[in-house]
Each structure stands twice: as C-alpha cells, then as structure tokens.
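What follows draws every value from the coordinates through simple rules; no lab data is involved. It should be emphasised that the depicted structure is a prediction, and the values quoted were computed from it without experimental measurement. Every residue, glycine among them, receives a Cβ derived from its backbone with ideal geometry; neighbour counts consider all protein chains shown.
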Amino acid sequence: MHTEGLFAPETAEAARERYADLGSTAQVVVKETAKAMAFDREEYGERVTSDVVETARDALFAELLAVHVGTREAFDEWVADRPDYEVVEFGSEHVDNVVWHDAAFAETVVAATYQSEPDAAVGTLRRQAFGEVYREAL
C-alpha cells in the first residue's frame with residue numbers, strides 16, 4: 001500500500017481553511033489559462049465567471065486529497081480497524097485493488113475499485129470524495 005496526495009483533513013474546519021486558501025490560486029490558474037487561450041478583455045469578462053473559478057478551486061482541492069492505493073485485502077483490514085466509519089464504495093467488490101480516501105472528520109471512507117489503472121482510479125476517487133463528503137462540508 002502507498003499514499004498519493006497531500007491532504008487528509010482531520011476536521012471540517014481544516015478542510016474549509018484549505019478550500020479558502022485555494023481561492024486565489026484558482027483565480028490565478030483560470031486567469032493564466034484564459035491568457036494562454038488569448039481571451040481579450042471582453043471575452044474574459046463574458047466567459048470567466050465566479051462559477052468557473054469555483055470549479056477550478058473544487059478541482060484543485062480534490063487533487064490535493066490523500067489517497068491510499070492498495071489491495072482489497074489491505075483496504076478490508078484498514079476498514080476493520082475503523083468500525084464506526086461509513087464506507088462509500090464505487091465499483092465492483094470482485095476486483096483485486098482499491099483506492100480510498102479517509103475523511104476522518106466525517107468518519108467516512110470513500111473508495112473505488114480498479115483492476116489495472118491506479119492513476120485513473122485515484123483521479124476518479126478524488127472527484128467522488130469531493131462530491132460525497134467535501135462539497136457539503138465546504
């Protein structure tokens with residue numbers, strides 16, 4: 001088992017603080033992307049809305065989430081050590097590998113199964129964890 005990513009907030013407040021901190025980063029990313037796409041001032045004003053910046057912030061936050069990558073056995077052992085956790089699992093229980101994110105403050109683990117594409121599973125799981133746990137908390 002190994003872990004990818006940087007952030008597994010222990011509290012909802014820590015998640016909210018990180019999310020708030022990413023606001024200016026999201027604005028810079030969107031602005032620089034629009035510049036690379038050669039938006040003029042008028043097009044920028046029309047197309048770059050607060051929803052666009054918020055979507056960038058959501059994606060940045062999700063991409064920072066720590067994700068464990070391991071076998072089904074490792075995941076099952078991890079879950080067994082946390083009997084009070086809610087388990088939200090996507091995919092089939094009949095594959096060999098699992099990626100999971102520990103949302104400790106919500107006593108929830110969000111997991112996704114995969115057979116042979118761990119990078120795709122990690123990306124998908126981060127978006128699912130954001131939608132399942134963080135969107136409401138933020």
Least to most buried among PHE39, PHE61 (fewest other Cβ within 10 Å first): PHE39, PHE61
Förster-model FRET efficiency, 25 Å R0, GLU54 and VAL87, C-beta, rounded to 0.05: 0.30
Estimated inter-spin distance, PHE39 and HIS2, nm [label 7 Å along Cα→Cβ]: 3.7 nm
Span-rule helices in the chain, defined as complete DSSP H runs reaching 24 Å or more along the axis (Cα) with Kyte mean at least -0.5: 12-36
CD proxy at 222 nm, helix term only [per DSSP H run n ≥ 4: -39500 (n - 2.57); per residue of the chain; nearest 500]: -16000 deg cm²/dmol
Separation in nanometres of the label points that stand 7 Å from Cα toward Cβ, at ALA20 and THR124: 3.5 nm
Charge dipole of the chain about the Cα centre (unit charges at C-beta), most positive-ward option of VAL98, ALA129, VAL53: VAL53
Bins of 10 Å, starting at 0 and running to the largest distance - Cα pair percent for region 11-63: 25, 48, 20, 7, 0
In region 30-138, the GluC sites (Glu not before Pro) that fall in loop regions by DSSP, at most 14 other Cβ within 10 Å: GLU93, GLU107
Long-range HN-HN contacts of GLU86 with modeled amide H, under 5 Å: THR108, VAL109
